[in-house]
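Peer 1: Below you'll find the structure I mean.
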Amino acid sequence: MSCTVAISNSPVFSPATRVPVTSSLLFRSASFSSSPNKSSETLTLTKFPSFTSSSWSPSSQLKILRIQKPSPPAATISLIRNSTHCSTSPTVLKRKRPSRLNIPVVSTTFGNFPAATAELVEAEGEGYYICCKRGRRGAMEDRYSALVNLQGDSKQGVFGIFDGHGGAKAAEFAAEHLNKNIMDELVQRKDEDVMEAVKNGYLKTDSEFLNQEFRGGSCCVTALIRNGNLVVSNAGDCRAVVSRGGIAEALTSDHKPSRKDEKDRIETSGGYVDCSNSVWRIQGSLAVSRGIGDRYLKQWIIAEPETKVLELNREYEFLVLASDGLWDKVSNQEAVDAARPLCIGINKPQPLLASKKLIDLAVSRGSVDDISVMIIQLQHFADCPQFRCLKTVE
């Protein structure tokens, strides 16, 4: 399969120019397979470029990056211009290509990777579908990651949505490292005490990012599907909502300073929480109380996640992971109601279209924030006869 970038108003190419892009736009995370012949594949959105243009309008062509699972052979890059004078095939414009860029499996740095100029990013993989839209506040700060086929098992995967603030560095770092750190902890513990493994994965990622001496932070929500269980964790206000027979159930609780237990924790540790323009903030600054990074508020902004473990069953239909750009404008039940007709009960489900529909709904209600929506088809991973809540850790 291929990736396609549509770029408008280019000084070199016509608006109809389409550029197939290789999978080098994406990180490939290390495999956690116990067998040398089996590998896991991850698609991680590593970097959006800075934008100076105004928000999209109907009169301008939307810049879109479409990402799909790369095909086994290495794809080539060609430039194609559609011509109104050619009725059979497009004219191919050839140009000399630079030498191939090799991206390491595990990189010691982050952010210095090629990316297409895009206002909307679409991607899909084995059982998951993602759409990200840049808001009107500046550069895109949302990121996502997906690792599937863990240890060669198609019923296993780990996914994440990361909403950066104060820049994209923390979100980029978390997207590259958090899932891997969680898996490393699980392997070390031989899959025992999965909630402690996830917690340590979050804390390790936070510590590693702080050692980079960058500013900014990131909210996170992750979903681990392993051994028939769904393990959902969050730090911040990214949220996970599951559809159970069409009924929306929030699997996470937003970490905001207005939450009584969070407010008490902050004040006990010497901080303060106040409200300005109807927004509760810590030290008059940040409107979330947990996340990765935020070194100058680290005394109060903790990275420890809250985690819930569920036993999967086909009764649970799909999971929505999204940044607050969606949830600030769309309720949990509205999200399920809008997405379900495109995901359940039809011959050809269209979860990617469902994720775009949710973004359109939030934008139509005035959202100016970055919005990222991932839909995970749980029936793709479920193989257990029952589904029940095992326990919750706070």
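The values are calculated or read from the model by the stated rules, or taken from the named source; none is laboratory data. Bear in mind the structure is a predicted one, so any value in this text is a computation, not a measurement. Here Cβ is always computed from backbone atoms with ideal geometry, including for glycine, and neighbour counts include all displayed protein chains. Areas reflect the complete protein model, heavy atoms only, side chains present, ligands, DNA and RNA absent. Shrake-Rupley method; radii C 1.70, N 1.55, O 1.52, S 1.80 Å.
Peer 1: Of all residues in region 341-369, how many are open to solvent by 10 Å² or more (accessible area, probe 1.4 Å) and either touching a residue at least 40 places away in the same chain (Cβ under 8 Å) or among the acidic types (Asp, Glu) (or both)? Spell out how you get there, then give the answer.
Peer 2: To start, the set of residues in region 341-369 that are open to solvent by 10 Å² or more (accessible area, probe 1.4 Å) comprises 341-342, 344-350, 352-353, 356-357, 360-361, 363-369.
Narrowing further to those that are either touching a residue at least 40 places away in the same chain (Cβ under 8 Å) or among the acidic types (Asp, Glu) (or both): 344, 352, 356, 360, 363, 367-369.
Looking only at that region, the number is 8.
Peer 1: To continue, here is another question. Output the residues belonging to region 341-369 that are outside any helix (DSSP H, G or I) and under 24 Å from residue 315 (Cβ atoms).
Peer 2: At the first step, the residues of region 341-369 found to be outside any helix (DSSP H, G or I) are 344-350, 365-369.
344, 345, 346, 347, 348, 349, 350 - these are the residues of region 341-369 that are outside any helix (DSSP H, G or I) and under 24 Å from residue 315 (Cβ atoms).
Peer 1: When the residues of region 246-278 are narrowed to those that are open to solvent by 50 Å² or more (accessible area, probe 1.4 Å) and within 25 Å of the chain's Cα centre (by Cα), which ends up farthest from residue 165 (Cα to Cα)? Show your work before the answer.
Peer 2: First, the residues of region 246-278 that are open to solvent by 50 Å² or more (accessible area, probe 1.4 Å): 247, 249, 253, 256, 258, 260-261, 263-265, 267-268, 270, 272, 274-278.
Adding the requirement that they be within 25 Å of the chain's Cα centre (by Cα) leaves 247, 249, 253, 256.
Numbers: 247: 32, 249: 27, 253: 19, 256: 14 Å.
So the residue we want is 247.
Peer 1: Can you pull out every residue in region 309-325 that is among the charged types (D, E, K, R) and not in a helix (DSSP H, G or I)? Steps first, please.
Peer 2: First pass over region 309-325, keeping only residues among the charged types (D, E, K, R): 311, 314-315, 317, 324.
Once the filter is applied, which keeps residues that are among the charged types (D, E, K, R) and not in a helix (DSSP H, G or I), region 309-325 yields 311, 314, 315, 317.
Peer 1: Would it be correct to say that residue 379 is at pLDDT 95 or above and polar (S, T, N, Q)? Break it down into steps so the answer makes sense when it comes.
Peer 2: On the way: at pLDDT 95 or above: no; polar (S, T, N, Q): yes.
It is false that residue 379 is at pLDDT 95 or above and polar (S, T, N, Q).
Peer 1: Tell me, yes or no, whether region 317-325 has at least one residue that is open to solvent by less than 30 Å² (accessible area, probe 1.4 Å), touching a Ser or Thr at 6+ places or on another chain (Cβ under 6 Å), among the hydrophobic types (A, V, I, L, M, F, W, C) and farther than 22 Å from residue 359 by Cα. Please lay out each step first, then the result.
Peer 2: Of all residues in region 317-325, those open to solvent by less than 30 Å² (accessible area, probe 1.4 Å) come to 317-325.
With the extra rule that they be touching a Ser or Thr at 6+ places or on another chain (Cβ under 6 Å), the set shrinks to 317-318, 323, 325.
Remaining after also requiring among the hydrophobic types (A, V, I, L, M, F, W, C): 318.
Next, only the ones that are farther than 22 Å from residue 359 by Cα stay: none.
Scanning region 317-325 turns up no residue that is open to solvent by less than 30 Å² (accessible area, probe 1.4 Å), touching a Ser or Thr at 6+ places or on another chain (Cβ under 6 Å), among the hydrophobic types (A, V, I, L, M, F, W, C) and farther than 22 Å from residue 359 by Cα.
Peer 1: When residues of region 174-214 are filtered for being open to solvent by less than 10 Å² (accessible area, probe 1.4 Å) and farther than 27 Å from residue 381 by Cβ, how many remain?
Peer 2: 1
Peer 1: Suppose we keep only residues that are part of a strand (DSSP E or B), open to solvent by 10 Å² or more (accessible area, probe 1.4 Å) and of a type in the set (S, T, N, Q) within region 121-155. Which one would you say is farthest from residue 380 (Cα to Cα)?
Peer 2: Looking at residues that are part of a strand (DSSP E or B), open to solvent by 10 Å² or more (accessible area, probe 1.4 Å) and of a type in the set (S, T, N, Q), I get 149.
Peer 1: Has region 289-301 got at least one residue that is within 30 Å of residue 378 (Cα to Cα), in contact with a strand residue (DSSP E or B) (Cβ under 7 Å, 6 or more places away or on another chain) and either at pLDDT below 95 or hydroxyl-bearing (Ser, Thr, Tyr) (or both)? Let's see the steps before the verdict.
Peer 2: Of all residues in region 289-301, those within 30 Å of residue 378 (Cα to Cα) come to 289-292.
Those still in the list that are in contact with a strand residue (DSSP E or B) (Cβ under 7 Å, 6 or more places away or on another chain) too: 289-292.
Next, from what is left, pick out any that are either at pLDDT below 95 or hydroxyl-bearing (Ser, Thr, Tyr) (or both): 289.
Taking every residue of region 289-301 in turn, at least one turns out to be within 30 Å of residue 378 (Cα to Cα), in contact with a strand residue (DSSP E or B) (Cβ under 7 Å, 6 or more places away or on another chain) and either at pLDDT below 95 or hydroxyl-bearing (Ser, Thr, Tyr) (or both).
Peer 1: If you don't mind, there's one more thing I want to ask. Under the condition of being open to solvent by less than 10 Å² (accessible area, probe 1.4 Å) and in a helix (DSSP H, G or I), which residue from region 326-340 is nearest to residue 124 (Cα to Cα)?
Peer 2: Start the filter on region 326-340 by keeping residues that are open to solvent by less than 10 Å² (accessible area, probe 1.4 Å), which leaves 326, 330, 335-336, 339.
Filter once more, so that each one left must be in a helix (DSSP H, G or I): 326, 335-336, 339.
On the way: 326: 19, 335: 19, 336: 19, 339: 16 Å.
Applying the filter and picking the extreme gives 339.
Peer 1: Right, another one. Does residue 295 satisfy the condition of being basic (Lys, Arg), open to solvent by 10 Å² or more (accessible area, probe 1.4 Å) and within 18 Å of the chain's Cα centre (by Cα)?
Peer 2: Working: basic (Lys, Arg): yes; open to solvent by 10 Å² or more (accessible area, probe 1.4 Å): yes; within 18 Å of the chain's Cα centre (by Cα): no.
For residue 295, the condition - basic (Lys, Arg), open to solvent by 10 Å² or more (accessible area, probe 1.4 Å) and within 18 Å of the chain's Cα centre (by Cα) - is not met.
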